[in-house]
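Novice: One structure is given below, represented as structure tokens, and several questions about it will come after.
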Amino acid sequence: METLLKLEEVTHVYVGDQGASLAVENLSLSIGRGEFVSLVGPSGCGKTTILSLLAGLLTPTKGTVYALGEPVRRPSPKLGYMLQQDYLFPWRTILENAQIGLELNGIKTPAATAHVRQLLHELGLGGTEQRMPYELSGGMRQRAALVRTLATEPDVLLLDEPFSALDMHIKLQLEDLVHTTLEARGKTAVLVTHDLAEAAAMSDRVVVLAPNPGRIQAIYEMPKALRELPPTEARKQPEFQGVFEQLWEALESGEAEGGEA
Ligand SMILES: Nc1ncnc2c1ncn2[C@@H]1O[C@H](COP(=O)(O)OP(=O)(O)OP(=O)(O)O)[C@@H](O)[C@H]1O
């Protein structure tokens, strides 16, 4: 499998008024094209830092981050970001919001608009094009944010807790939608989540991080039978509970080994 993302012996130290804070230390990880990898771990173990390093929003203090074979130096349209909040502009229609990434890249053609309309339709938002964000539910707004991210055709999606603000049943529906949409397009994804079950249900691999300093505690490859199913179906399989327990144990032992923050 072609390696699409790579962290090579990466250390990141934040320096601020309060002094230096070692966020992640000597972390190495490779992610292949088409893989769905989740990062889980207790608060402060460096999940968002890793995502920001991959996105080119931070530069590592030591080591190198690669995306699509090149060292990451700045944000790139090939890496799309989706966050807990949808950040739709309240004064723009859903169609205008969904097109914004393309516009920022200087693409404003009728074909681009047709492409965005098609994506809105595929993600169940047909008919909402001229509506304003406040007229949509949280789940619909998050789907519009997904369309905006997909519209620029990124190779990689960096997902920072995109489902955590949603009600449980909307969250489950959206997990399935994101899973099938990304799989159908062969996209690579890195998901940051606090939810172990979500990570287990959605991923090909789950990276369990430990804190103080942030480092990899364990990496789990999900059983093939679970990987092939939509997340809501994977959650119902008998082996799912065993996978969840393994992740939970790794998380607990990482926390126990970590020092005081
Ligand atoms: N801008 C910053 N300045 C100083 N320290 C920071 C900054 N951002 C994060 N840190 C520290 O770096 C460490 C890792 O933070 P990070 O936000 O990456 O963890 P996280 O696993 O995403 O946490 P959470 O689950 O709470 O979002 C923490 O100790 C945090 O306090």
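Novice: Checking the condition out of contact with any strand residue (DSSP E or B) (no Cβ under 6 Å at 6 or more places or on another chain) and of a type in the set (A, V, I, L, M), which residue from Leu158, Leu95 passes?
Specialist: Leu95
Novice: In the set Val10, Val24, which member is more than 12 Å from the ligand (Cβ to nearest atom) and more than 28 Å from Leu174 (Cα to Cα)?
Specialist: Of Val10, Val24, the one residue that is more than 12 Å from the ligand (Cβ to nearest atom) and more than 28 Å from Leu174 (Cα to Cα) is Val10.
Novice: If you go through the range 60-84, how many residues are assigned to a loop (DSSP other than H, G, I, E, B) and surrounded by 14 or more Cβ atoms within 10 Å (Cβ to Cβ)?
Specialist: 8
Novice: Sticking with this structure for a sec: What's the total number of residues in the range 194-232 that are buried (at least 24 other Cβ atoms within 10 Å of the Cβ) and assigned to a loop (DSSP other than H, G, I, E, B)?
Specialist: Summing the residues that are buried (at least 24 other Cβ atoms within 10 Å of the Cβ) and assigned to a loop (DSSP other than H, G, I, E, B) in the range 194-232 gives 1.
Novice: When you go through Ala218, Ala261, Ala197 one by one, which is the residue that is among the small types (Gly, Ala, Ser), out of contact with any Cys (no Cβ under 7 Å at 6 or more places or on another chain), within 28 Å of Ala55 (Cα to Cα) and modelled with pLDDT under 90?
Specialist: Of the residues listed, the single one that is among the small types (Gly, Ala, Ser), out of contact with any Cys (no Cβ under 7 Å at 6 or more places or on another chain), within 28 Å of Ala55 (Cα to Cα) and modelled with pLDDT under 90 is Ala261.
Novice: Then there is this: Kindly provide the set of residues from the range 7-35 that are farther than 12 Å from Pro60 by Cβ and among the charged types (D, E, K, R), ordered by number.
Specialist: Asp17, Arg33, Glu35
Novice: So which residues in the range 19-52 are of a type in the set (A, V, I, L, M, F, W, C), in contact with a Gly (Cβ under 9 Å, 6 or more places away or on another chain) and crowded, with 22+ Cβ neighbours inside 10 Å?
Specialist: Ala23, Val24, Leu27, Leu39, Cys45, Ile50
Novice: From the list Ala234, Ala218, which residue is assigned by TED's automatic domain parsing to the domain that holds Val40 and either more than 28 Å from Val10 (Cβ to Cβ) or in contact (Cβ under 8 Å) with a residue 40 or more places away in the chain (or both)?
Specialist: Going through Ala234, Ala218 in turn, just one is assigned by TED's automatic domain parsing to the domain that holds Val40 and either more than 28 Å from Val10 (Cβ to Cβ) or in contact (Cβ under 8 Å) with a residue 40 or more places away in the chain (or both): Ala234.
Novice: Ok, one more. For the range 68-86, which residues satisfy the criterion of being under 24 Å from Gln99 (Cβ atoms) and acidic (Asp, Glu)?
Specialist: Once the filter is applied, which keeps residues that are under 24 Å from Gln99 (Cβ atoms) and acidic (Asp, Glu), the range 68-86 yields only Asp86.
Novice: Another question, if that's okay. Among the residues of the range 26-76 satisfying the criterion of being β-branched (Val, Ile, Thr) and under 25 Å from Thr180 (Cβ atoms), which is farthest from the chain's Cα centre (by Cα)?
Specialist: Per the stated criteria, the residue is Ile31.
Novice: In the range 189-198, what residues are within 16 Å of the ligand (Cβ to nearest atom) and either of a type in the set (Lys, Arg) or in contact with a Phe, Trp or Tyr (Cβ under 9 Å, 6 or more places away or on another chain) (or both)?
Specialist: Matches in the range 189-198: Val190, Leu191, Thr193, Asp195, Leu196, Glu198.
Novice: Among the residues of the range 56-74, is there at least one that is under 21 Å from Pro162 (Cβ atoms) and within 14 Å of the ligand (Cβ to nearest atom)?
Specialist: Checking the range 56-74: at least one residue is under 21 Å from Pro162 (Cβ atoms) and within 14 Å of the ligand (Cβ to nearest atom).
Novice: Right, another one. Report yes if some residue within the range 118-136 is of a type in the set (A, V, I, L, M, F, W, C), under 18 Å from Arg92 (Cα atoms), touching a Pro at 6+ places or on another chain (Cβ under 9 Å) and without any contact (Cβ under 8 Å) to a residue 24 or more places away in the chain; otherwise report no.
Specialist: no
Novice: Yes or no: Thr193 of a type outside the set (Phe, Trp, Tyr), within 10 Å of the chain's Cα centre (by Cα), within 24 Å of Leu104 (Cα to Cα) and not assigned by TED's automatic domain parsing to the domain that holds Ala111?
Specialist: It is false that Thr193 is of a type outside the set (Phe, Trp, Tyr), within 10 Å of the chain's Cα centre (by Cα), within 24 Å of Leu104 (Cα to Cα) and not assigned by TED's automatic domain parsing to the domain that holds Ala111.
Novice: Any residue that is surrounded by 20 or more Cβ atoms within 10 Å (Cβ to Cβ) and either among the basic types (Lys, Arg) or in a loop (DSSP other than H, G, I, E, B) (or both) - is there at least one of those in the range 86-95?
Specialist: yes
Novice: Okay, moving on. Can you find, within the range 200-213, the residue that is nearest to His12 (Cα to Cα) among those that are within 16 Å of the ligand (Cβ to nearest atom) and in contact with a Leu (Cβ under 7 Å, 6 or more places away or on another chain)?
Specialist: Once the filter is applied, the top-ranked residue is Pro213.
The values are calculated or read from the model by the stated rules, or taken from the named source; none is laboratory data. The shown structure was predicted, so the numbers you read here are calculated from the model rather than taken from an experiment. Methodologically, a virtual Cβ is constructed for each residue, glycine included, from the backbone with ideal geometry; neighbour enumeration extends over all protein chains shown.
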